[in-house]
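The next block holds one structure in the form of structure tokens; read it before the comments.
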Amino acid sequence: MSTILKTLTSSRFLLILANTITIYLLLCRQDTLQTEQSPPPTATTAVASASTTSVRNLLFSIASSSKSFPNRKPYIRLWYNPQTTRAFIFLDRPPNVSAPTLPPVIISGDTSRFPYTFPRGLRSAVRVARIVKEVVDREPSEVRWFVFGDDDTVFFVDNLVTVLSNYDHESWVYVGGRSESYEQNVANSFDMAFGGGGFAISSSLARVLARVSDSCLMRYGHLYGSDSRVFSCLAELGIGLTHEPGFHQVDLRGNLFGMLSAHPLSPLLSLHHLDAVDPLFPNMNRTQALTHLFKAAKVDPARVLQQTVCYDQANSLTVSISWGYAVQIYDGNQLLPDLLPLQRTFVPWRRRRSINGSFYMFNTRDYPKDPCERPTIFFFNNITSNADVVDSKYRKHTVENCFKPNSIRNLKQVRVFSKKLEVDRKQIKVPRRQCCDILPSVGDMMTIKIRNCGTYELISMST
């Protein structure tokens, strides 16, 4: 009997020992799997690296089609430089003529095996969503950021380099912008980067997304667009959007003056839907107007559209500068917070009347119907620069013969002096608006100097 008990005790001990060893090995295996599979940290702040991110570290992938591509070439040429910019155009079929001044063309792969069931939608959304996989599978060298956009997306490349340098490309980062339209965000997602405005995916995240995207796309045949598919697959990976307000989907129509004259305190990164809005400058077509804006952007990209406000107390004037675009002069004292909301010069993206259609993702204010009640506008005219100073000039745009004080009526030009805006990581994360001074004027020209604000300086008319 004692022999049997000893045998049972020994067997139980061996069983417990075996189970313990098995559990230990499973735990070790789980730790190994977690080490192999877990993503890099998703922190959105930059980490010191051996070299600074440059334009060569960005690769642009542009979604187009054989139908739209011929008409969109002028937009692409505005921002694409064959000597410095790395980009591909993804088409559904080969173009009739190649162009050396445009990015190389890639013909998208067959997507017929993927479902698409959205009523009255475009099946090309699946093809565009797979661009992420197709460009990553090419294994391009030295790429830190994969940037995606449409053929009518105009990028401000230098600013993209500046902003993306603020993030760690070795972390899993998904950067982009929402729609300006509340209705569009409701229909899609408030947490999605809208593809036309452009978005960027860090190289480490893009490689993982490329491996899983095909299996993920099989689950999202019911969605409308390509951007919602990319967003859904990233959500399945556990990654959320890092919002950058410089990406502009431009889900608006009409006159963008109100939007461009009160830009957020962040670098301008992109503009989209340019065929759906008026030319950005009067008396020009769309391409001419964009080319004109790029004259300023090429001289001082970080400053373009940045809003600066100063006051002429002697003549009771308020001056709002949207650098490289327009200067507005108001008769009287306009408080700074009252100038920050966007003037509603535009109309909603959706033409049908709906409650949500008239809501935007930013504060707005009325734009007077009577032209004589509006500020006097001076549009960007020309620019020169040297090593120390940038000199931009703005010409008066007269719409109506309105009564204005002599201090405004006699003006024909505004001249703005500034230094090239160097944006470092601190200014990206915690930006501060600059100040300006109105210098003694000569003849029909107002002269302004933009500068950093003093520590305790308030942007206001002295009282």
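Of the residues making up the stretch 397-432, those that are under 36 Å from the mean Cα position of the chain (by Cα) and either on the phi > 0 side of the Ramachandran plot or surrounded by fewer than 15 Cβ atoms within 10 Å (Cβ to Cβ) (or both) number 14. Could you list, in sequence order, all residues of the stretch 296-311 that are in contact with a strand residue (DSSP E or B) (Cβ under 7 Å, 6 or more places away or on another chain) and in contact (Cβ under 8 Å) with a residue 60 or more places away in the chain? Correct list: A296, V299, D300, R303, Q307, T308, V309, C310, Y311. Taken over the stretch 235-270, the criterion of being over 19 Å from Q184 (Cβ atoms) and either hydroxyl-bearing (S, T, Y) or not in a loop (DSSP other than H, G, I, E, B) (or both) is satisfied by E236, T242, F257, L260, S261, S266. If the condition is being closer than 19 Å to F379 by Cα, at pLDDT 95 or above and either open to solvent by 70 Å² or more (accessible area, probe 1.4 Å) or among the acidic types (D, E) (or both), then the stretch 438-463 contributes only K449. When the stretch 55-66 is filtered for residues that are open to solvent by 20 Å² or more (accessible area, probe 1.4 Å), modelled with pLDDT of 95 or more and either under 21 Å from I107 (Cβ atoms) or in contact with a Gly (Cβ under 9 Å, 6 or more places away or on another chain) (or both), only S65 remains. Residues in the stretch 184-202 that are surrounded by fewer than 20 Cβ atoms within 10 Å (Cβ to Cβ) and touching a residue at least 60 places away in the same chain (Cβ under 8 Å): V186 only. Based on this model, can you work out whether R113 counts as within 16 Å of Y224 (Cα to Cα) and not small (G, A, S)? Here the answer is no, as R113 does not meet what is asked. Residue pairs whose Cβ atoms lie under 8 Å apart, sitting 6 or more positions apart in sequence or on different chains, and linking a residue in the stretch 97-120 that is under 18 Å from E134 (Cβ atoms) to a partner that is of a type in the set (S, T, N, Q) and at pLDDT 95 or above, are P103/T85. Residues in the stretch 420-456 that are of a type in the set (K, R) and either within 15 Å of I321 (Cα to Cα) or touching a helix residue (DSSP H, G or I) at 6+ places or on another chain (Cβ under 6 Å) (or both): R433, K449, R451. Do the conditions hold for L209, that is, is it of a type in the set (A, V, I, L, M), over 17 Å from the mean Cα position of the chain (by Cα), outside any helix (DSSP H, G or I) and crowded, with 21+ Cβ neighbours inside 10 Å? Taking the combined requirement at face value, the residue does not satisfy it.
The values are calculated or read from the model by the stated rules, or taken from the named source; none is laboratory data. Keep in mind the model is a prediction, meaning the values are calculated, not measured. As a convention, Cβ positions derive from the backbone with ideal geometry for all residues, glycine included, and neighbour counts pool all protein chains shown. Heavy atoms of the whole protein, side chains included, go into the accessibility calculation; ligands, DNA and RNA do not. Shrake-Rupley method; radii C 1.70, N 1.55, O 1.52, S 1.80 Å.
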